[in-house]
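Read through the structure below, which is laid out as structure tokens, and then see the notes.
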Amino acid sequence: MKRLLMIFLLIASPLWAVQPDEVLDDPALEARARDISTGLRCLVCRNESIDESNAELARDLRILLRERLVAGDTDQEAVDFIVDRYGEYVLLKPTTTGANLMLWLAGPIMLLIAVGMAWSFLRKRSQKQNAGHTDALSKEEQERLRQILKD
């Protein structure tokens, strides 16, 4: 029984990241805050959302987000405020515009270049091998080869 309780506590621990004093009285605003905070990265934990993280900075970001929503910001305005303050790194799903577009496209472009180079290399190699097999030995070379093999 104790093991089962311990497993449930470990599984549910990320749910406790949002402290009771952070929760807004308005359920609609709280739902919006939770929805937005799942898309914001904790700058300490790296690949956790601020909603899941227990870090102090994540707590500060959750409080800041709720303050912006209470002040009347739309979801996009609140996210833009946090991105302006902390940079695009704070987004768990970065945008695909500007400099990020180069990063999104770099992988597929490099793959296409590598496939092209491999195809070119294999094609040239195949042509060289085929060219080498068409040359037959002359009569003198065949006689010399027989003499070498006899010895």
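What follows draws every value from the coordinates through simple rules; no lab data is involved. Fair warning: this is a prediction, and the values are worked out from it, not measured in the lab.
So how much slack lies between Asn54 and Asp73, counting 0.36 nm per residue of separation and subtracting their Cα-Cα distance, in nm? The partial results should precede the final answer.
Working: separation 19, 0.36 × 19 = 6.84 nm, distance 2.52 nm.
Full extension from Asn54 to Asp73 adds 4.3 nm.
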Counting only residues 5 or more apart in sequence or on a different chain, those whose built amide H sits under 5 Å from that of Leu91 are Arg41
Any chance you could run the full-extension gain for Gln147 through Glu30? It's 0.36 nm times the residue separation minus the Cα-Cα distance, nm to one decimal. 32.7 nm
Please report how far the C-alpha centroid of segment 55-89 lies from that of segment 99-151, rounded to the nearest whole angstrom. 58
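Express the Stokes-Einstein translational diffusion coefficient of segment 99-150 in µm² s⁻¹, to the nearest whole number, given a Kirkwood radius over alpha-carbon pairs, 25 °C and a viscosity of 0.890 mPa s.
On the way: Rh = 15.1 Å.
For these conditions, the coefficient is 163 µm²/s.
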